[in-house]
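Since every read-out is calculated from the coordinates, none of them should be taken as a lab result. Keep in mind that this is a model prediction, so the values were computed, not measured. Quick reminder, even Gly has a Cβ in these numbers, built from the backbone with ideal geometry, and neighbours come from all protein chains shown.
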Amino acid sequence: MALLEVKNLNKIYEVGLFVRRQIHAVKNINFTVEKGEIISLVGESGSGKTTTAKMILRLEKPTSGDIIVEGINVWKDIKTVEDKKNYYRKVHAVFQDPFASYNQFYPIDRILHQALNLIDIDPKNERSKELIEEALVHVGLEPKNILGKYPHQLSGGEKQRIMIARCWLLRPSLIIADEPVSMIDASTRGGIIKLFERLRDETGTSVIFITHDMGLAYYISNRIFIMYKGEIVEEGTPDEIISSPKHDYTKNLIGSIPTLYKKWEDIGELEKRA
């Protein structure tokens, strides 16, 4: 059984004040994610990829269709507060804007302690401090330079590393990463991408990577799903998508990236500078 199954998923918005009309943001999409797999949802703004992510995260309710994570129907079986808590132990998010991902009035220590609360570890326990420090070191941060600070005192790259440190603490089954490097300086992107791969390799966590960057998707993914106007118009392994694209939109995406076949060969150099 797949870790995640998305079946016949639809999202329709009704807009307009006097004359109501429908916008079909997601149209009958189907895909799966296996344990330890990184998939990418690739498409332009308005393609439906972020709406799909929000439905998996229970931030937007589907108009119809099913989302099943480890055998649990996300919108039918989760009913109590404890059900929700258990779900967010399994499914975590790293959002596009690291500046909006934090309560600016909370120090980093409190933000990380909140993650420990989800897995029932008392923040006052001495072990909690050790776990937090281990997680920060895992993502390339020095605890003494991070703990006690507030979000506004950190760079965008440091904030995203802390979000990934939260994932190390929780060990979720699935991470939804929505454009996680689009607002990060180019010199630090390689290091952030490598952290997702390392998390996958060391913990078995699966990742849904949401991006408009075909080169990034080609580098990081086991499979790629191309979204266009709310639909999945093409899917396959990175090599299948690149070597024989079938949909015109996919061909346009590939044609717009002249360095695609380098497969991010310079990512190692980016990581060194991160």
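Just to be sure, is residue 121 β-branched (Val, Ile, Thr), assigned to a loop (DSSP other than H, G, I, E, B) and over 14 Å from the mean Cα position of the chain (by Cα)? Against the criterion (β-branched (Val, Ile, Thr), assigned to a loop (DSSP other than H, G, I, E, B) and over 14 Å from the mean Cα position of the chain (by Cα)), residue 121 qualifies. Listed by first and then second residue, the pairs linking a residue in the range 16-40 that is aromatic (Phe, Trp, Tyr) to a residue that is in a strand (DSSP E or B), with Cβ atoms under 6 Å apart and 6 or more places separating them unless they lie on different chains, are 31/6; 31/225.
Mind counting the residues in the range 131-161 that are under 22 Å from residue 50 (Cα atoms) and not basic (Lys, Arg)? Steps first, please.
First, pick out the residues of the range 131-161 that are under 22 Å from residue 50 (Cα atoms): 156-157, 159-161.
Among the residues that remain, those that are also not basic (Lys, Arg) are: 156-157, 160.
Looking only at that region, the number is 3.
Scanning the range 58-89 for residues that are aliphatic (A, V, I, L, M) and either more than 21 Å from residue 119 (Cβ to Cβ) or surrounded by 13 or more Cβ atoms within 10 Å (Cβ to Cβ) (or both) returns 59, 67, 68, 69, 72, 74, 78. Scan the range 140-167 residue by residue and report those that are more than 16 Å from residue 107 (Cα to Cα) and in a helix (DSSP H, G or I). Those that are more than 16 Å from residue 107 (Cα to Cα) and in a helix (DSSP H, G or I): 157, 164, 167.
The criterion of at least 3 residues that are out of contact with any Leu (no Cβ under 7 Å at 6 or more places or on another chain) and closer than 21 Å to residue 33 by Cβ is met by the following helices (runs of 4 or more DSSP H) wholly inside the range 168-262: 186-203, 214-220, 238-243. For the range 1-60, a residue qualifies if it is hydroxyl-bearing (Ser, Thr, Tyr) and touching a Ser or Thr at 6+ places or on another chain (Cβ under 6 Å), and exactly one does: 40. Taken as a whole, the structure places residue 195 among residues that are buried (at least 21 other Cβ atoms within 10 Å of the Cβ) and of a type in the set (A, V, I, L, M, F, W, C). Kindly list the number of the only condition in (1) part of a loop (DSSP other than H, G, I, E, B); (2) hydrophobic (A, V, I, L, M, F, W, C); (3) within 21 Å of residue 202 (Cα to Cα) that fails for residue 105. All conditions are met except number (3).
In summary, residue 111 fulfils each of the numbered conditions (1) in contact with a Phe, Trp or Tyr (Cβ under 8 Å, 6 or more places away or on another chain); (2) in contact (Cβ under 8 Å) with a residue 24 or more places away in the chain; (3) surrounded by fewer than 14 Cβ atoms within 10 Å (Cβ to Cβ); (4) not in a loop (DSSP other than H, G, I, E, B) with the single exception of condition (3). Restricting attention to the range 215-243, the residues being of a type outside the set (D, E, K, R) and either closer than 22 Å to residue 25 by Cβ or touching a residue at least 60 places away in the same chain (Cβ under 8 Å) (or both) number 13.
Residue-by-condition table, conditions (1) at positive phi; (2) of a type outside the set (Lys, Arg); (3) in a loop (DSSP other than H, G, I, E, B):
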| residue | (1), (2), (3) |
| --- | --- |
| 61 | no, no, yes |
| 66 | no, yes, no |
| 83 | no, yes, no |
| 88 | no, yes, no |
| 93 | no, yes, no |
| 96 | no, yes, yes |
| 99 | no, yes, yes |
| 116 | no, yes, no |
